[in-house]
Ligand SMILES: Cc1cc2nc3c(=O)[nH]c(=O)nc-3n(C[C@H](O)[C@H](O)[C@H](O)COP(=O)(O)O)c2cc1C
């Protein structure tokens, strides 16, 4: 499966949104504005056309699909993939991150939920087919005043710090943690370090940041290989990889890099498996 420059919808703007997006866990009961809902429904349809085996559904829902404080939100996006296919699940992760960033661009808040939602209610609400599964959902809504700063187990884990309503700090591992293979970070070109910084800000289940990137230099080309390392927890790795793919691709497009994207056949979704590669012209 290819994932081209054109598939990174609104990438120029989404690159700047990457540091601004964060998971919000308390919503007001205000439904999405007509403008936002129409835009996100259209965006979901456009993004879903990228892959034959994964899709996004944006819908107005009742609180039965959410648990806890997310229940206030009136809209959701659901991430669907062809059952039992880890590549399809990777694609659902890519679509999920595209819509999370696009929502953030509009000022619509999200939190990627891989658990903490009612699976059967969301299967029903999303019109999930018999050959499909829902891998996650997000509320789409607004937050108000101090709710942004509300501490939950998850936001503490993510280490959010806000100043004047802006996210200024979050917990992420150091760059070297993500560097895999024979080329040490000191030998990475500057643009590749910028790409790595964009990757590190991707969301991941329980903030485990399972991504590893190997950089291989050949004549006139640099290959980046994205895999998952020992994260101590294998939950939802293909989904996390999907988020990582989107961040890397958006950064490459923003930097004006020409690249070819490739997914090794038979992706298993297990630790260590390469999910995607980018051959980047120097
Ligand atoms: C695949 C996946 C599943 C997630 N599942 C949940 C969840 O069930 N509940 C929750 O509160 N957050 C969930 N998150 C959000 C992460 O906890 C969050 O992305 C991480 O802590 C980093 O924080 P940030 O998104 O604010 O950067 C999930 C994220 C991903 C990518």
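The values are calculated or read from the model by the stated rules, or taken from the named source; none is laboratory data. All of these numbers come straight from a predicted model, not from anything done at the bench. Positions of Cβ are generated from backbone atoms using ideal geometry, with glycine treated the same way; all protein chains shown enter the neighbour counts.
Based on what the data block shows, is residue 89 in a strand (DSSP E or B), in contact with a strand residue (DSSP E or B) (Cβ under 7 Å, 6 or more places away or on another chain), modelled with pLDDT of 95 or more and surrounded by 18 or more Cβ atoms within 10 Å (Cβ to Cβ)?
Considered against the rule, which asks whether it is in a strand (DSSP E or B), in contact with a strand residue (DSSP E or B) (Cβ under 7 Å, 6 or more places away or on another chain), modelled with pLDDT of 95 or more and surrounded by 18 or more Cβ atoms within 10 Å (Cβ to Cβ), residue 89 comes out as no.
Cβ-Cβ under 6 Å, sequence separation 6+ or interchain: first residue in region 64-91 and in the same structural domain as residue 122 (by TED's automatic domain parsing), partner in a loop (DSSP other than H, G, I, E, B) and surrounded by 24 or more Cβ atoms within 10 Å (Cβ to Cβ). Which pairs?
That search, which allows pairs on different chains as well, returns 72/27; 73/27.
Is it the case that some residue within region 93-100 is closer than 14 Å to residue 57 by Cβ and at pLDDT below 90?
No, the conditions are met nowhere in region 93-100.
Can you name every residue in region 161-210 that is within 16 Å of the ligand (Cβ to nearest atom), loosely packed, with under 15 Cβ neighbours inside 10 Å and closer than 24 Å to residue 143 by Cβ?
Correct list: 161, 162, 163, 165, 166, 168, 169, 171.
Go through region 155-167 and report how many residues are in contact (Cβ under 8 Å) with a residue 12 or more places away in the chain and assigned to a helix (DSSP H, G or I).
3
Exactly one condition in (1) part of a helix (DSSP H, G or I); (2) modelled with pLDDT under 95; (3) within 15 Å of the ligand (Cβ to nearest atom) is not met by residue 64; state its number.
Unmet condition: (3).
Quick one: residue 123 ticks every box in (1) away from the ligand (no atom under 11 Å from the Cβ); (2) in contact (Cβ under 8 Å) with a residue 60 or more places away in the chain; (3) touching a strand residue (DSSP E or B) at 6+ places or on another chain (Cβ under 8 Å) bar one, so which box is it?
(2)
Checking the conditions here, which among 55, 25 is in the same structural domain as residue 115 (by TED's automatic domain parsing), surrounded by 15 or more Cβ atoms within 10 Å (Cβ to Cβ) and more than 16 Å from the ligand (Cβ to nearest atom)?
The conditions single out 55.
Any idea which of (1) modelled with pLDDT under 95; (2) touching a strand residue (DSSP E or B) at 6+ places or on another chain (Cβ under 6 Å); (3) within 13 Å of the ligand (Cβ to nearest atom); (4) within 23 Å of residue 52 (Cα to Cα) is the one residue 117 doesn't satisfy?
Condition (4) is where residue 117 drops out.
Tell me, yes or no, whether region 230-251 has at least one residue that is touching a strand residue (DSSP E or B) at 6+ places or on another chain (Cβ under 6 Å) and more than 14 Å from residue 93 (Cβ to Cβ).
Looking for residues that are touching a strand residue (DSSP E or B) at 6+ places or on another chain (Cβ under 6 Å) and more than 14 Å from residue 93 (Cβ to Cβ), one finds none in region 230-251, hence no.
Within region 234-248, does at least one residue satisfy the condition of being modelled with pLDDT under 95 and away from the ligand (no atom under 11 Å from the Cβ)?
yes
In the list 217, 225, 281, which residue meets the criterion of being buried (at least 18 other Cβ atoms within 10 Å of the Cβ), farther than 21 Å from residue 20 by Cβ and in contact (Cβ under 8 Å) with a residue 24 or more places away in the chain?
225
Scanning for something loosely packed, with under 13 Cβ neighbours inside 10 Å and closer than 23 Å to residue 15 by Cβ, does region 123-143 turn up at least one residue?
Checked against the condition, which is being loosely packed, with under 13 Cβ neighbours inside 10 Å and closer than 23 Å to residue 15 by Cβ, region 123-143 yields no hits at all.
Collect the residues in region 168-206 that are part of a strand (DSSP E or B) and out of contact with any helix residue (DSSP H, G or I) (no Cβ under 9 Å at 6 or more places or on another chain), keeping them in residue-number order.
Selection gives 168, 169, 180.
Do we have residue 155 as buried (at least 20 other Cβ atoms within 10 Å of the Cβ), more than 21 Å from residue 244 (Cα to Cα) and assigned by TED's automatic domain parsing to the domain that holds residue 72 here?
For residue 155, the condition - buried (at least 20 other Cβ atoms within 10 Å of the Cβ), more than 21 Å from residue 244 (Cα to Cα) and assigned by TED's automatic domain parsing to the domain that holds residue 72 - is not met.
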